[in-house]
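> The structure follows.
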Amino acid sequence: AKPWLPVPREHLAQAVSAQQGDQNSLLEHYRRFLAFRRAHPAFAKGEIDFLAGEGDIVAFTRRQGNEEIVCAFNLGAGQASIDLGGGRAVQPLGGHGFTGQADAGKIRLGSYGAWFGRIA
């Protein structure tokens, strides 16, 4: 359909029709993340407990029923990490489109990155 307001040429690449099916597009990134969120009810309905973090890190757990998920976000432009401590074993969850990594209870995040995992 023809829009009722003028659309600048540089905005055309952001149209849904231009982004649909392009796995690197912002539209498809959000679709992946929304599907990931729907697959884990603890995100929407679970109890939340914030974890101690330094600098630009925000981290918390969400728990519902038998599922406990760790969510860690780096809100800064530099690399960041958070140590979950206590020898907590975590299993990464895939399907969300972010590239953070975890090893031996320590989560490493790139700039503006995120990591999601299940506490084992």
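> I'd like to check which strands (runs of 3 or more DSSP E) are fully inside segment 1-90 and have at least 1 residues that are surrounded by fewer than 11 Cβ atoms within 10 Å (Cβ to Cβ) and without any contact (Cβ under 8 Å) to a residue 40 or more places away in the chain.
In segment 1-90, 47-51 are the strands (runs of 3 or more DSSP E) which contain 1 or more residues that are surrounded by fewer than 11 Cβ atoms within 10 Å (Cβ to Cβ) and without any contact (Cβ under 8 Å) to a residue 40 or more places away in the chain.
> In segment 102-120, which residues are more than 12 Å from the chain's Cα centre (by Cα), open to solvent by 80 Å² or more (accessible area, probe 1.4 Å) and not aliphatic (A, V, I, L, M)?
If the condition is that a residue be more than 12 Å from the chain's Cα centre (by Cα), open to solvent by 80 Å² or more (accessible area, probe 1.4 Å) and not aliphatic (A, V, I, L, M), then 103, 106, 108 are the ones that fit.
The values are calculated or read from the model by the stated rules, or taken from the named source; none is laboratory data. What you see is a predicted model, and the numbers here were worked out from it, not measured in a lab. Because the Cβ atoms are built from the backbone with ideal geometry, glycine has one as well, and the counts that use them run over all protein chains shown. Surface areas here come from the heavy atoms of the whole protein model, side chains and all, with no ligands, DNA or RNA. Shrake-Rupley method; radii C 1.70, N 1.55, O 1.52, S 1.80 Å.
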